[in-house]
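Chemist: I have a structure I would like to understand better, so I am pasting it below and will then ask my questions one at a time.
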Amino acid sequence: MNGSRVYGWLHLPEGNGPFPTVLSIPGSGIGRTGRFAGFTEAGIAVLAIEVHGLEPKEQEIIGAAQWIRPVTDETEYFAKLQNGILAGYHSFGIEDPYRYYHRRTLQSAMRALDYLYTRKDVDPRKIIVFGGSQGGGLSLLTAAIDKRVDAVVATVPAFCNNASRKDSHIPQVSRTMSYFDAALAAELIEVPALIGVGFIDG
């Protein structure tokens, strides 16, 4: 994608596969955490991606639960990004659907699917896209657009009912967000979907 890369962390069960696989898309923010031992113990592979194109830094896997946390300097590294060049990234390029920041994050999920399809230990007929909040909205959009997805799980998905945004009265913003409305895109999903909705995502 314009010379940038998509990074991810692949967690594989024991054995040779091919395994049913979860593509995990992160929620808002910078950095990566996740518990995937339950998936791998059940014979399910997980590819957890990072959607900002950031170079991976050294990670530490802690204990049998595979709780993945940044090493000491990484918390500060991600905080500087979140409060610096990536502060307010949800609005970057929002006046133009081709320059909108989340066009890249959505493409990251699709490139991750490309990668999964190259692996012999992944069952291409059993790929589930999973995420919450930002990741939930991107999961719905991915499942609507990319027919390689076999099921989708989205919890408190973002990007839904974009017409209610406080800046939706701006014509350029309204036009861009109409392309990224996960509630509208959900009508195009043709595979099983589990969607969790709450009144407050926070």
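The values are calculated or read from the model by the stated rules, or taken from the named source; none is laboratory data. Just so it is clear, the structure is predicted and the values come from calculations on it, not from any experiment. Cβ: placed from backbone, ideal geometry, glycine included. Neighbour counts: every protein chain shown.
Chemist: Tell me which of these residue 82 doesn't satisfy, since it passes every other one: (1) modelled with pLDDT under 95; (2) surrounded by 18 or more Cβ atoms within 10 Å (Cβ to Cβ); (3) not in a loop (DSSP other than H, G, I, E, B).
Modeler: All conditions are met except number (2).
Chemist: Looking at the range 3-15, I want the residues that are at positive phi and have a partner that is assigned to a loop (DSSP other than H, G, I, E, B) with Cβ atoms under 8 Å, at least 6 apart or on another chain. Which pairs are those?
Modeler: Short answer, once both residue conditions are applied: 15/43.
Chemist: Further, regarding this structure: Being at pLDDT 90 or above and under 18 Å from the mean Cα position of the chain (by Cα) narrows it down to one residue among 40, 33, 21; which is it?
Modeler: Exactly one residue qualifies, and that residue is 21.
Chemist: Out of (1) modelled with pLDDT under 90; (2) exposed (fewer than 14 other Cβ atoms within 10 Å of the Cβ), what's the single condition that is false for residue 118?
Modeler: Single failed check for residue 118: (1).
Chemist: Just the residues that are part of a loop (DSSP other than H, G, I, E, B) and within 20 Å of residue 141 (Cβ to Cβ), please, taken from the range 6-29.
Modeler: Answer for the range 6-29, where residues must be part of a loop (DSSP other than H, G, I, E, B) and within 20 Å of residue 141 (Cβ to Cβ): 6, 26, 27, 28, 29.
Chemist: In the range 120-148, what count of residues is obtained for those that are assigned to a loop (DSSP other than H, G, I, E, B) and free of Cβ contacts under 8 Å to residues at least 60 places away in the same chain?
Modeler: So the count comes out to 3.
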